[in-house]
Amino acid sequence: MKRINITSGTTWEAQVGYSRAVRMGQLVEVSGTTAVEGENRIVGIGDAYRQTCFVLQKIEKALNEAGASLKDVVRTRMYVTDISQWEAIGKAHGEFFADIKPTATMVEVNALINPDLLVEIEATAYIQ
């Protein structure tokens, strides 16, 4: 089975040793994704809904590069720094996945890599 690594080109990927996404056969795993644009600009500071939308757009782009789409997503994992923001995060998730309805997990974490980041999302897709 051929392995395809998808990169976004950030220096962090080389430094930490990871890929934005990996495709193995029909399976695509997307790494934890945050609302960082380019190397260090955080999108939507203080706005959990906006950050979630931006993150899901980045995930969609990585899936497309791997030959998949949001319709192929079977699971998402959401790590949030303030669980009281669940409705804003859930609203954005619902807008992207309303008809797809993957399994989903949302858990509160103590912190992400930058205190301005409110949400990090992973996705698993299976291409039919």
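The values are calculated or read from the model by the stated rules, or taken from the named source; none is laboratory data. Just so you know, these numbers come straight off a predicted model, no measurement behind them. Neighbour counts run over all protein chains shown; Cβ positions are idealised from the backbone, glycine included. Protein only, heavy atoms only, side chains kept; ligands, DNA and RNA dropped before computing areas. Shrake-Rupley method; radii C 1.70, N 1.55, O 1.52, S 1.80 Å.
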Taking +1 at the Cβ of each Lys and Arg and -1 at the Cβ of each Asp and Glu, which of GLY46, GLY90, VAL73 sits farthest along the dipole of the chain towards its positive end, judged by Cα position relative to the Cα centre?
VAL73
Can you tell me the dipole magnitude for region 18-128 around its Cα centre, using point charges on the Cβ only (Lys, Arg +1; Asp, Glu -1), in Debye to the nearest 20?
300
Under a crude label model (7 Å from the Cα following the beta-carbon direction), how far is ARG50 from ARG77 in nanometres?
2.9
The FRET efficiency for LEU27 and THR105, from their Cβ-Cβ distance with R0 = 22 Å and rounded to 0.05, is 0.75
Between [x] 38, 29, 28; [y] 42, 36, 20; [z] 33, 30, 27, which entry matches Cα extents along the principal axes in Å as derived from the coordinates of this structure?
[y]
Label-to-label distance, nm, for residues given as ASN114 and LYS61 (7 Å Cα→Cβ offset):
1.4
Under a 5 Å amide H to amide H cut-off, with H placed in plane at 1.01 Å, what residues pair with VAL74 once short-range neighbours are removed?
THR124, ALA125, TYR126
Counting other C-beta atoms within 10 Å, and keeping those with at most 15, which DSSP coil GluC sites (Glu not before Pro) do you find in region 59-120?
none
Accessible solvent surface per residue of the chain, calculated while the other protein chains remain in place, 1.4 angstrom probe, Å²
56
Under a point spin-label approximation (7 Å from Cα along Cα-to-Cβ), what is the SER69-GLU95 distance to one decimal in nm?
2.0
Out of the total accessible area of region 1-109 (probe 1.4 Å, heavy atoms of protein only), what percent is carbon and sulfur?
52
